[in-house]
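Input: a single structure, listed below in structure tokens.
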Amino acid sequence: MDANIAKLKEWIAGSDNIVFFGGAGVSTESGIPDFRSPGGLWERHDPMEVATVTALHRNPRRVWEFLIDALASLGQAKPNPGHFALARLEREGRLAAVVTQNIDGLHQAAGSKNVLELHGSILRAYCSRCGRPYPAERMNHGAGVPKCECGGVIRPDIVLYEEPLDDDIVSRAVSAIRQADVLIVGGTSLNVYPAAGLINYYQGHRLALVNLSATPYDRQADLVIHEKIGEVFGQV
Ligand code: ZN
């Protein structure tokens with residue numbers, strides 16, 4: 001076993017307060033391309049037309065067309081060994097929280113319970129007028145824009161461009177990261193703010209970065225592993 005992976009394994013075995021902070025790279029091993037990469041959703045849709053507050057007001061039908069495409073591309077995706085390992089660590093009482101930038105629900109599908117979704121979830125929707133929640137996949141997809149009983153437009157429960165992150169989720173993420181003994185950051189190039197700034201709240205001395213390519217935080221980390229998340233977690 002690689003020495004750095006062995007060290008991460010040792011940290012994990014000795015901790016009961018691990019926090020995992022993850023990005024798109026966690027899901028690429030489940031066959032979901034990063035939105036920004038070739039084959040990703042932003043190749044087929046202009047995010048300014050389908051994922052902004054302005055778009056939701058002006059052309060909600062287009063927003064739903066995007067959502068239906070996103071749900072379809074997610075349809076066959078299954079959690080990978082990284083998701084399952086994190087769920088196991090939570091069951092064992094070692095992992096306190098998963099903080100994720102992903103909206104695909106794969107952590108919960110793998111069995112994780114305390115998942116803080118910074119950008120919401122594509123699996124949920126809610127009424128933009130009264131707030132009533134709806135499961136996104138049960139919307140009547142052939143019939144244009146779904147409406148609530150109150151007449152309001154039902155919108156996806158994802159954080160759109162031009163929208164702030166949810167205060168409650170952010171404060172829970174900050175609190176978990178601040179108190180964490182081991183912070184494992186995985187599958188993110190840490191270029192997306194404000195989410196990336198969250199790791200600055202970490203106060204410990206066991207910050208592990210697991211990402212295929214280098215990140216601006218590599219020099220701050222106590223351990224850097226440039227490999228795939230699933231392959232690393234398959235060994236710890
Ligand atoms: Zn409503």
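The values are calculated or read from the model by the stated rules, or taken from the named source; none is laboratory data. In this text the structure is predicted, and so the values were computed from the model without any measurement. Glycine gets a Cβ as well: all are built from the backbone with ideal geometry, and neighbour counts include every protein chain shown. Side chains are part of the model used for accessible areas, which takes the heavy atoms of the whole protein and leaves out ligands, DNA and RNA. Shrake-Rupley method; radii C 1.70, N 1.55, O 1.52, S 1.80 Å.
For ARG138, the requirement of being among the basic types (Lys, Arg) and either within 19 Å of LEU89 (Cβ to Cβ) or modelled with pLDDT of 90 or more (or both) is not met.
Only residues that are surrounded by fewer than 17 Cβ atoms within 10 Å (Cβ to Cβ) and away from the ligand (no atom under 16 Å from the Cβ): list them for region 150-164, please.
Let us first name the residues in region 150-164 that are surrounded by fewer than 17 Cβ atoms within 10 Å (Cβ to Cβ), namely 150-152, 161-164.
Within region 150-164, TYR161, GLU162, GLU163, PRO164 qualify.
From the list LYS78, LYS9, pick out the single residue that is assigned to a helix (DSSP H, G or I) and surrounded by fewer than 19 Cβ atoms within 10 Å (Cβ to Cβ). Step by step, each of LYS78, LYS9 is checked, and only LYS9 is assigned to a helix (DSSP H, G or I) and surrounded by fewer than 19 Cβ atoms within 10 Å (Cβ to Cβ). Could you list, in sequence order, the residues of region 12-33 that are free of Cβ contacts under 8 Å to residues at least 12 places away in the same chain and in contact with a Ser or Thr (Cβ under 9 Å, 6 or more places away or on another chain)? Residue satisfying the conditions is PRO33 alone.
When the residues of region 118-139 are narrowed to those that are away from the ligand (no atom under 15 Å from the Cβ) and of a type in the set (D, E, K, R), which ends up least open to solvent (accessible area, probe 1.4 Å)? Residue satisfying both the conditions and the ranking: GLU137. Filtered by the rule that a residue be open to solvent by 40 Å² or more (accessible area, probe 1.4 Å) and assigned to a loop (DSSP other than H, G, I, E, B), region 165-198 gives ASP166, ASP181, SER189, ASN191, VAL192, TYR193, PRO194. Reported count of residues in region 46-75, each being touching a strand residue (DSSP E or B) at 6+ places or on another chain (Cβ under 6 Å) and either open to solvent by 80 Å² or more (accessible area, probe 1.4 Å) or not in a helix (DSSP H, G or I) (or both), is 2.
Quick one: is VAL115 of a type in the set (A, V, I, L, M), buried (at least 19 other Cβ atoms within 10 Å of the Cβ) and touching a residue at least 40 places away in the same chain (Cβ under 8 Å)?
no
Residues in region 158-180 include at least one that is in contact (Cβ under 8 Å) with a residue 40 or more places away in the chain and farther than 26 Å from LEU123 by Cβ. Taking the numbered list (1) under 26 Å from GLU10 (Cα atoms); (2) touching a Phe, Trp or Tyr at 6+ places or on another chain (Cβ under 8 Å) in turn, THR52 passes all entries but (1).
Is it the case that region 211-219 has a residue that's crowded, with 18+ Cβ neighbours inside 10 Å and over 25 Å from PRO33 (Cβ atoms)? No, because not a single residue in region 211-219 is crowded, with 18+ Cβ neighbours inside 10 Å and over 25 Å from PRO33 (Cβ atoms).
Taking the conditions exactly as written (at pLDDT 90 or above, surrounded by 13 or more Cβ atoms within 10 Å (Cβ to Cβ) and in the same structural domain as TYR126 (by TED's automatic domain parsing)), does ALA87 satisfy them or not? Against the criterion (at pLDDT 90 or above, surrounded by 13 or more Cβ atoms within 10 Å (Cβ to Cβ) and in the same structural domain as TYR126 (by TED's automatic domain parsing)), ALA87 does not qualify. Filtering region 140-149 for residues that are within 15 Å of the ligand (Cβ to nearest atom), assigned to a strand (DSSP E or B), over 20 Å from PRO33 (Cα atoms) and without any contact (Cβ under 8 Å) to a residue 12 or more places away in the chain leaves a non-empty set.
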